[in-house]
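Any read-out appearing in this document is the output of simple, stated calculations on the displayed coordinates, not a laboratory observation. Computed from a prediction, not measured in an experiment: that's the story for all the values here. FYI the Cβ positions are ideal-geometry reconstructions off the backbone, even for glycines, and counts take in every protein chain you see.
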Amino acid sequence: MPNLYLPSSFGLGGELLESAIMALLPEDLRNIRSMNIIDLRQATVRQIEPLLHEEANHWRDELHWDYRGALELIKRFLDAHALSGCVALENGSAVGYSFYVLEDHKGLIGGMYVTPKQEQGPIGKRLLEEMLFSMRALPQMQRIEAQLMPFGGPVDDALRAQGFRLHTRQFMLLDLEKQTERGPSINSGLRLDRWNDRYFEPCAKLIYLAYANHIDGEINDQYRSRNGALKFLKNIILLPGCGQFQPSASFVLRHPGNDELVGAVLTSEVAEGVGHTTQICVQPGFQGHGLGRALMETAANALRSLHFKELSLTVTAENHTAVHLYERLGFTTIKSFTAGVWPR
Ligand SMILES: CC(C)(COP(=O)(O)OP(=O)(O)OC[C@H]1O[C@@H](n2cnc3c(N)ncnc32)[C@H](O)[C@@H]1OP(=O)(O)O)[C@@H](O)C(=O)NCCC(=O)NCCS
């Protein structure tokens, strides 16, 4: 779509021309006539900073998530002009931004935010269109994944129009102080151990097996290979993007005598006193026997003893078994958001 920015120094002739053009435009485009989209690498931290702070407030207030660590990371990349994406400028001020990262053949839309002080829908749509145009122009780009918290306004129609397949994801929260502690029962001859780094490889294998033909493997293709699952694990355990990993509230279930895993639950701290389950899975032949429930209860109890007050997680709405398990444990859905995959 052409850039609709018309400089104000057009003079009288320009104003007449502008109003003539405006009269021909659809309503939503008229509202964004002074908007300009620029490459994120041309923007400065100072320009984007107010938006980042607004966004962090949404994460804190609505998801009980301290986004400041992620924000500092974004700022560092912005400073180095190394973050790919787009910024929407309205009369010179940033009103929205979105960014993506590249991982081999895949582009990951890492975030999109549009200030609620503006009409979010049309601005978000323009940001997505411009960003996807540049992403698809990259020769290695075979797949694009997007998981967007809806702080930037509605994105579903814009993603669908761009050929994405959409899935609803739920952000769920458990009040650890309200739920009474229950002793999990694991009577299956299996051993329950705290996380240890020697479980990286066995846990990658477990994830690969547990998500075979699973809806989450469609949303995140890392689950579809052992190597991808190992990358996913290293991201959540070693890097700060999804909070600070908590080994003392992360557990594995295994047969005594070897390191092959039957189940695992991994937890991070995403704000003071707030834990987040970054992974829970049970090997297919062992599902439906109470192990998933026992792992979740073990992690919740460990968090309680560390004086955590809440535990959150995200789940795909179509994953009925998992949603049922979390609801039975007392989790409630506090936000829904969209995960999109291109091509369909
Ligand atoms: C989700 C998962 C961890 C649950 O572990 P599990 O050991 O199978 O679950 P449990 O046996 O503890 O069952 C928990 C509840 O789900 C129900 N359940 C288990 N399997 C089910 C199935 N196939 N269909 C419907 N309900 C099922 C159980 O009846 C139980 O409910 P109840 O307490 O009301 O009886 C496991 O199925 C799994 O690894 N799935 C693949 C990976 C995944 O989806 N992870 C979660 C991502 S958010």
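Tabulated values for the structure
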item: Highest-first arrangement of 120-127, 304-311, 317-324, 248-255, where packing means the average Cβ count within 10 Å; result: 120-127, 248-255, 304-311, 317-324
item: Theoretical gain in end-to-end length, Gln140 to Lys231 [0.36 nm per residue, Cα-Cα removed]; result: 30.8 nm
item: Intensity falloff of the chain expressed as log10 I(q)/I(0), Debye formula with alpha-carbon point scatterers, at q = 0.07, 0.10 Å⁻¹; result: -0.34, -0.65
item: Using alpha carbons only: equivalent-ellipsoid semi-axes of segment 173-338, gyration tensor based, whole Å; result: 21, 19, 17
item: Relative packing of peptides 98-106, 283-291 - highest average C-beta neighbours within 10 Å first; result: 98-106, 283-291
item: Acute angle (nearest 10 degrees) that the helix 68-79 long axis makes with the longest principal axis of the chain, alpha-carbon atoms; result: 40
item: ³J(HN,Hα) computed for each position of segment 151-164 - Karplus, 6.51 cos²θ - 1.76 cosθ + 1.60, integer Hz, glycine/proline x; result: 7, x, x, x, 10, 4, 4, 5, 5, 4, 5, 8, x, 8
item: Spin-label pair Ser34/Leu192, simplified geometry with 7 Å Cα→Cβ offset, distance in nm; result: 6.1
item: Listed pairs Lys75/Lys178; Lys234/Lys335; Lys106/Lys205 exceeding 31 Å between Cα atoms; result: Lys75/Lys178
item: Net lengthening on full extension, His105/Thr168 (0.36 nm per residue, minus Cα-Cα); result: 20.2 nm
item: Mean separation of Cα contacts under 8 Å, 6 or more apart, over the residue count of the chain: relative contact order %; result: 19
item: Distance (nanometres) between label positions extended 7 Å along Cα→Cβ at His307 and Asp157; result: 4.9
item: Computed lengthening from Phe286 to Glu327, 0.36 nm per intervening residue step minus Cα-Cα distance; result: 12.7 nm
